[in-house]
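Below is one structure, written out as structure tokens; the observations come after it.
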Amino acid sequence: MTMGKDNGEVDWEKSIVSMLEASDDVQSRNVKKLRKMVLLSLQMDESDKNAKKLFQNTVQTMEKNGKVKLDADGTLSLLKSMNKNKNKKRKGSTDESNIQKKEKKLQTNNEGDKNKNIPCKGNPQGVTRLFLGNLPFSVDESSLNAFLPGEVTHIKWITDKETGKFYGSAFIEMNNAMSAADAVAMAGSKLIGRPIKINFAPAREGDTWPPVKKIMKGGRSGSSGQAGGTGVKAMSAKPDKCLKLFVGNLSYDIDDEGIIKFFANADAEVKAVRWLHHKDSGDFKGCGYVEFWKEEACEKGATLNGKNLLGRPIRIDWTE
């Protein structure tokens, strides 16, 4: 049986409105980026054709009902025309939106641009460095950029200095102060099922920030788009006589047969598979445990850490 959320139970309109409202006063986003954000928040696979179709149908219905407007350039905007009490304020709101758009245009992605740290609404100090906490184990550069407004230019994943294991937190640099303010406004929003902590975190005097590399780890040197890294070096210490592995960053299309065939590629015979689900909703968490008959098979299975399974680099670690 395929793991994942039942698309039919999803309140698509509510999810779309929620993401658009997180855009502050402008309340508009590129429709493709918005779709990625909505699917991530609903713990759905970005390549799920059925989910994409349901998202598209909802947008079309909302546009027909005058709730959103889809421009020719692919920008989807939330309309407020249905609220009669705001008709008088509409001109002022439009003017403010235009001013913000002009400010965003001025604040280019050039790191040396003098406009980058201009104070703005929600960010009076013009801070562009943020701290993120309670990140999902499967987060990476792609999912983070799809989730946050603006552009993330640098990421420093916080990992254990000895093991390289990901702590679920990071420091990031946004392309400008306004993008940073928009990101902080999303604190508490769910990324792959987890409510994210987002705070301003100005660099201390003497710190090298932003880092030389676009993506780096807080412990060992190196860079990786995947938060926790890949390979044996990113794994914890192997317990004695280990027969079980933790597997994460799994596609929601995975099933028992798929994971058994995956480990069979390394001649690792699987004894049992246990998927993890959210206690309240019953939704698949995208991870689980795989038990092997022999310790040798478990060791062979561990060599597949970081290998692609259904389009995702699988995360593997030892467990008791």
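How about the stretch 246-282: which of its residues are of a type outside the set (A, V, I, L, M, F, W, C) and in contact with a Cys (Cβ under 7 Å, 6 or more places away or on another chain)? Passing the criteria: only GLY248. Listed by position, the strands (runs of 3 or more DSSP E) contained in the stretch 18-113 that have at least 1 residues being at pLDDT below 80 and not aromatic (Phe, Trp, Tyr) are 28-30.
Looking only at the stretch 282-320, residues that are among the aromatic types (Phe, Trp, Tyr) and under 29 Å from the mean Cα position of the chain (by Cα) come to 3 in all.
The values are calculated or read from the model by the stated rules, or taken from the named source; none is laboratory data. As the structure is a computational prediction, the values presented were derived from the model and not from experiment. Reconstructed Cβ throughout: ideal geometry from the backbone, glycine too, with neighbour counts over all protein chains shown.
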